[in-house]
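Engineer: Below you'll find the structure I mean.
Each value in this text was obtained by applying a stated rule to the coordinates, not by laboratory testing. Because the structure is a prediction, the values reported are computed rather than measured. When we count neighbours, we look across all protein chains shown, and the Cβ atoms used for this are built from the backbone with ideal geometry, even at glycine.
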Amino acid sequence: MDCIFCKIIKGEIPSAKVYENEHVYAFKDINPNAPVHVLIVPKTHIASVDEIDCSNVCTAAEVFKAIPHIAKICGLENGYRVITNVGEDGGQTVKHMHFHLLGGTKLAVKLN
Ligand code: AMP
Ligand code: ZN
């Protein structure tokens with residue numbers, strides 16, 4: 001499978017790692033939209049939130065469990081935003097489920 005985030009997780013493509021555990025990998029977005037912009041991904045390939053089912057929900061939970069820890073590492077004690085895009089209309093460009101962790105400034109309030 002030709003998945004850029006699987007390659008990043010395997011170390012085949014370089015990334016600026018922020019955090020890693022058995023289930024989760026987090027790295028800086030190459031094209032940041034905020035002073036802190038980190039991508040948090042499960043180490044196993046799940047295409048998007050739309051693929052979550054009974055067989056992989058524990059992996060998804062591991063991602064959520066890691067978010068407060070990663071936010072702390074990034075110094076986001078004043079708050080942050082977590083976004084995941086799904087499919088064409090959601091604007092998802094990489095088909096490996098990922099959560100954008102954004103912060104480091106007062107973020108604009110917008111729905112799209
Ligand atoms: P999305 O549009 O939600 O699918 O988000 C994909 C994100 O991946 C974008 O914000 C890109 O800037 C980011 N991205 C793509 N390739 C890389 C890479 N090699 N390293 C870090 N971030 C990347
Ligand atoms: Zn993948």
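Engineer: Pick from Asp50, Asp29, Asp89: which residue has the top mean-square fluctuation in a GNM of the chain where Cα pairs under 10 Å get a spring?
Structural biologist: The residue that fluctuates most here is Asp89.
Engineer: What is the dipole size for the range 18-112, taken about its Cα centre, with +1 at each Lys and Arg Cβ and -1 at each Asp and Glu Cβ, in debye to the nearest 20?
Structural biologist: Value, rounded to 20: 420 debye.
Engineer: Choose one of Val86, Ala61, Val38: the residue whose Cα lies farthest towards the positive end of the charge dipole of the range 4-103 (beta-carbon charges +1 Lys, Arg; -1 Asp, Glu; about the Cα centre).
Structural biologist: Working it through, the farthest residue towards the positive pole turns out to be Val38.
Engineer: Express the relative contact order of the chain as a whole percentage, based on alpha carbon pairs under 8 Å and six or more residues apart in sequence.
Structural biologist: That works out to 30 percent.
Engineer: Something else: Please give the calculated 222 nm ellipticity per residue for the chain, where each DSSP H segment of at least 4 residues contributes -39500 (n - 2.57) and the sum is spread over every residue; nearest 500 deg cm²/dmol?
Structural biologist: Taking each H run of at least 4 residues, the total per residue is -7000 deg cm²/dmol.
Engineer: By the 4.7 Å beta carbon criterion, which cysteine residues of the chain come out unpaired?
Structural biologist: Those would be Cys54, Cys58, Cys74, since no other cysteine Cβ in the chain comes under 4.7 Å of theirs.
Engineer: Sticking with this one: I want to verify a result. In a Gaussian network model of the chain, Cα cutoff 10 Å, which of these has the top mean-square fluctuation: His69, His98, His23?
Structural biologist: It is His69.
Engineer: From the Cα gyration tensor of the chain, with a ≥ b ≥ c the square roots of its eigenvalues, which class applies: rounded if a/c is under 1.5, or else prolate if a/b is larger than b/c, or else oblate?
Structural biologist: rounded
Engineer: Roughly speaking, what is the stretch gain from Cys58 to Val82, that is 0.36 nm per residue apart minus the C-alpha to C-alpha distance, in nm to one decimal?
Structural biologist: The span from Cys58 to Val82 would gain 6.8 nm if fully extended.
Engineer: Summing +1 for each Lys or Arg and -1 for each Asp or Glu, what net charge is found among the other residues whose Cβ lies under 13 Å from the Cβ of Val18?
Structural biologist: With Lys, Arg at +1 and Asp, Glu at -1, the neighbours total +1.
Engineer: Next up: If I take R0 = 30 Å and measure r between the Cβ atoms of Glu51 and Ala108 in this structure, what FRET efficiency does the formula 1/(1 + (r/R0)^6) give, to the nearest 0.05?
Structural biologist: After rounding, the FRET efficiency stands at 0.50.
Engineer: Toward the positive end of the charge dipole of the range 4-103, about the Cα centre and with charges on Cβ (Lys, Arg +1; Asp, Glu -1), which of Asn21, Phe99, Ile73 goes farthest?
Structural biologist: Final value for the positive-end residue is Ile73.
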